[in-house]
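Here it is: the structure, laid out below.
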Amino acid sequence: MPDKWKALWETPLDRTHSLVEQIVTRCLEAMNNGHLQLGEKVPPLRKLSKKLGVSLGTVKDAYLKLQFDGYLVTRAHLGTYVARIQGGSSPQPEWTDLVPFSFQDDQPAYSTGCETGHISFLKIGADSPGPEQLNFKEYLNIMQALFDPPKKHSVRAAETEKDAEEVLDELLGALLKKRGIETRPGQRLLLPPGIALPLMASTLLSPGDCVVVASLLDIPARDAFLGIPACLKPAGYDREGILTSKVEQICQEQNVKAVFVRPPAAFPQNVTMSEKRRDELVDLSLRYKFVLIAQDDACEFWFSRPYIPVGGKRHQGRVIHISRLSCLVWAIDGYEVITGANPFIKRMNEKAKALGLSINMRKALALIRFLNLYGNETRAGKFIRFYSARLRTIQCLFEEQLSTKACIVLPLAGLSLWIGFKRAVRVDLLLPLIKESGFIDYNNGQSIIVDGSVTALHAGFACHDETCWARLFGGLAKLL
């Protein structure tokens with residue numbers, strides 16, 4: 001018999017109280033402690049009867065009571081299985097795999113080094129290159145030509161004979177593995193920009209389901225989940241990530257369907273989840289049977305590896321990971337990559353096609369190759385080096401004029417950076433400076449302003465040269 005069943009009979013029953021109720025209580029405790037897992041078989045009647053030293057009818061009555069309450073289900077001659085966990089969600093065997101994917105190793109540090117908290121910010125600048133830097137249509141035509149009949153012995157000859165969707169899935173698998181995420185075919189899906197989170201929510205959740213989030217400031221998450229509509233419960237967070245003590249409290253009070261973890265864009269210093277906090281969250285997911293949803297981006301603030309490593313092989317397949325292509329390669333497009341169990345990804349793909357949201361596979365393949373996947377698109381390499389040089393110039397200008405009054409957080413990929421102020425600055429003073437510096441693309445919809453002031457700038461640098469940044473930093477030095 002499995003060792004985990006021992007918890008049911010290690011302690012003798014109290015013969016002065018109801019034996020049936022004691023067996024029921026022990027089964028429920030075993031479920032909450034992970035000894036009886038969702039969908040797993042429970043001890044056979046005769047074996048449990050013998051181990052506890054009680055009659056067969058006593059154990060049968062206890063199992064019948066648990067079946068009546070919905071905790072157990074009998075599958076003909078196969079035996080009795082756990083159908084629901086106390087305080088947890090109903091089973092979803094139609095979408096989960098045993099282990100859909102895992103992170104190869106947990107890096108000791110995922111933080112960016114930014115130590116200042118930004119509760120308000122202005123979003124300025126462009127996050128994508130202008131046509132003068134990149135003629136994307138020209139590159140797309142070049143890459144699309146790769147699908148013409150190849151020359152003999154061409155490396156891509158075999159690829160062009162495959163289905164485009166199959167080739168794309170293989171490429172995504174290779175990119176994810178390079179970043180430390182192991183997947184199997186059918187466990188990853190590429191989607192158009194801004195689609196993954198709302199599509200995932202509509203596939204996974206039903207109206208009224210409870211979803212725990214770190215903060216209600218996460219506007220895209222709020223829009224996606226409330227569109228179901230789901231019930232959102234904020235758990236709060238600190239430097240280690242989401243507060244697992246609050247998550248557990250919410251799970252005890254109501255049936256939680258999912259927990260969503262992603263640092264709000266307004267707090268770039270909170271980009272890590274400590275191993276201790278991560279392990280606590282995974283343990284809670286096993287105990288209360290909710291789904292962990294980890295989104296690996298925060299408003300173009302990209303990193304070289306997953307900074308929410310909700311992985312390992314202990315999550316039993318109840319994890320969904322959302323990233324962007326720009327986390328995997330030097331992307332200029334907002335394609336999103338979602339990873340999860342094969343049946344769930346299949347359902348999402350079917351829904352995307354039904355809604356007309358699926359992408360052109362041939363175009364996506366051309367895009368990935370354009371993004372220097374093979375390392376031989378020299379002009380794409382020049383494009384990357386161009387922006388790397390611009391970033392170094394911006395950093396030098398910042399250190400000359402603002403190093404004592406603010407901090408700068410540079411991305412490892414992507415075309416946006418953060419500038420955090422030592423004190424709040426009024427927006428009515430900032431906006432004229434931003435306009436005079438040449439940043440005409442101020443984004444009010446993605447900004448968060450508190451009491452007419454902000455403590456940070458979230459700035460895209462794709463279309464603004466060093467002259468713009470020199471003016472901006474000079475003006476900020478006077479304001480601060």
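The values are calculated or read from the model by the stated rules, or taken from the named source; none is laboratory data. Predicted model, so just to flag it, every value in this text is computed and none were measured. Glycine also receives a Cβ, built like all others from the backbone with ideal geometry; neighbour counts cover every protein chain displayed.
Could you tell me whether segment 198-207 includes any residue that is touching a Lys or Arg at 6+ places or on another chain (Cβ under 7 Å) and within 14 Å of residue 259 (Cβ to Cβ)?
yes
Would you check if residue 67 is under 42 Å from the mean Cα position of the chain (by Cα), over 23 Å from residue 283 (Cβ atoms) and among the polar types (S, T, N, Q)? Show your work before the answer.
Working: under 42 Å from the mean Cα position of the chain (by Cα): yes; over 23 Å from residue 283 (Cβ atoms): yes; among the polar types (S, T, N, Q): yes.
It is true that residue 67 is under 42 Å from the mean Cα position of the chain (by Cα), over 23 Å from residue 283 (Cβ atoms) and among the polar types (S, T, N, Q).
Can you say whether residue 244 is buried (at least 16 other Cβ atoms within 10 Å of the Cβ), at pLDDT 90 or above and among the hydroxyl-bearing types (Ser, Thr, Tyr), as far as the supplied structure shows? Quick ask: steps written out before the conclusion?
Details: buried (at least 16 other Cβ atoms within 10 Å of the Cβ): yes; at pLDDT 90 or above: yes; among the hydroxyl-bearing types (Ser, Thr, Tyr): yes.
Against the criterion (buried (at least 16 other Cβ atoms within 10 Å of the Cβ), at pLDDT 90 or above and among the hydroxyl-bearing types (Ser, Thr, Tyr)), residue 244 qualifies.
Let me ask something else. Could you tell me which numbered condition residue 50 fails, if it satisfies all but one of (1) at pLDDT 85 or above; (2) outside any helix (DSSP H, G or I); (3) surrounded by 13 or more Cβ atoms within 10 Å (Cβ to Cβ)?
Of (1) at pLDDT 85 or above; (2) outside any helix (DSSP H, G or I); (3) surrounded by 13 or more Cβ atoms within 10 Å (Cβ to Cβ), only one is false for residue 50: (2).
I would also like to ask the following. With 45, 52 as the choices, which residue is free of Cβ contacts under 8 Å to residues at least 40 places away in the same chain, of a type outside the set (Phe, Trp, Tyr) and farther than 14 Å from residue 82 by Cβ? Full working, then the answer.
On the way: 52 fails: free of Cβ contacts under 8 Å to residues at least 40 places away in the same chain.
Being free of Cβ contacts under 8 Å to residues at least 40 places away in the same chain, of a type outside the set (Phe, Trp, Tyr) and farther than 14 Å from residue 82 by Cβ holds for just one of 45, 52, which is 45.
Please pick out the residue among 175, 197, 168 that is touching a Pro at 6+ places or on another chain (Cβ under 8 Å), assigned to a helix (DSSP H, G or I) and buried (at least 18 other Cβ atoms within 10 Å of the Cβ). Steps first, please.
Numbers: 175 fails: touching a Pro at 6+ places or on another chain (Cβ under 8 Å); 168 fails: touching a Pro at 6+ places or on another chain (Cβ under 8 Å).
Being touching a Pro at 6+ places or on another chain (Cβ under 8 Å), assigned to a helix (DSSP H, G or I) and buried (at least 18 other Cβ atoms within 10 Å of the Cβ) holds for just one of 175, 197, 168, which is 197.
List the number of the failed condition for residue 403; all other conditions in (1) at pLDDT 70 or above; (2) under 30 Å from residue 197 (Cα atoms) hold.
It fails just one condition, (2).
Look through 204, 199 and report the one residue that is touching a Leu at 6+ places or on another chain (Cβ under 8 Å), touching a residue at least 60 places away in the same chain (Cβ under 8 Å) and within 20 Å of residue 341 (Cα to Cα).
On the way: 204 fails: touching a Leu at 6+ places or on another chain (Cβ under 8 Å).
After ruling out the rest, the residue left standing is 199.
Residue-by-condition table, conditions (1) assigned to a strand (DSSP E or B); (2) farther than 21 Å from residue 478 by Cα; (3) within 32 Å of the chain's Cα centre (by Cα):
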position: 389; (1), (2), (3): no, yes, yes
position: 396; (1), (2), (3): no, no, no
position: 404; (1), (2), (3): no, no, no
position: 407; (1), (2), (3): yes, no, yes
position: 420; (1), (2), (3): yes, no, yes
position: 424; (1), (2), (3): yes, no, yes
position: 431; (1), (2), (3): no, no, no
position: 434; (1), (2), (3): no, no, no
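Here's another thing I want to ask about it. Could you tell me how many of the residues in segment 429-454 are among the hydroxyl-bearing types (Ser, Thr, Tyr) and at pLDDT 85 or above?
The first filter runs over segment 429-454 and keeps only residues among the hydroxyl-bearing types (Ser, Thr, Tyr), leaving 437, 442, 447, 453.
Narrowing further to those that are at pLDDT 85 or above: 437, 453.
Residues meeting the conditions: 2.
Say we look at segment 216-247 and pick out the residues that are in a loop (DSSP other than H, G, I, E, B), within 16 Å of residue 277 (Cα to Cα) and of a type in the set (D, E, K, R); which of these is nearest to the chain's Cα centre (by Cα)? Reasoning before the result, please.
Taking segment 216-247 first, the residues in a loop (DSSP other than H, G, I, E, B) are 216-218, 227-230, 235-236, 239-240, 243.
Now restrict to residues that are within 16 Å of residue 277 (Cα to Cα): 235-236, 239-240, 243.
Adding the requirement that they be of a type in the set (D, E, K, R) leaves 239-240.
Numbers: 239: 18, 240: 16 Å.
Within segment 216-247, the match that is nearest to the chain's Cα centre (by Cα) is 240.
Any residue at all in segment 405-428 that's within 16 Å of residue 124 (Cβ to Cβ) and of a type in the set (Asp, Glu)?
There is at least one residue in segment 405-428 that is within 16 Å of residue 124 (Cβ to Cβ) and of a type in the set (Asp, Glu).
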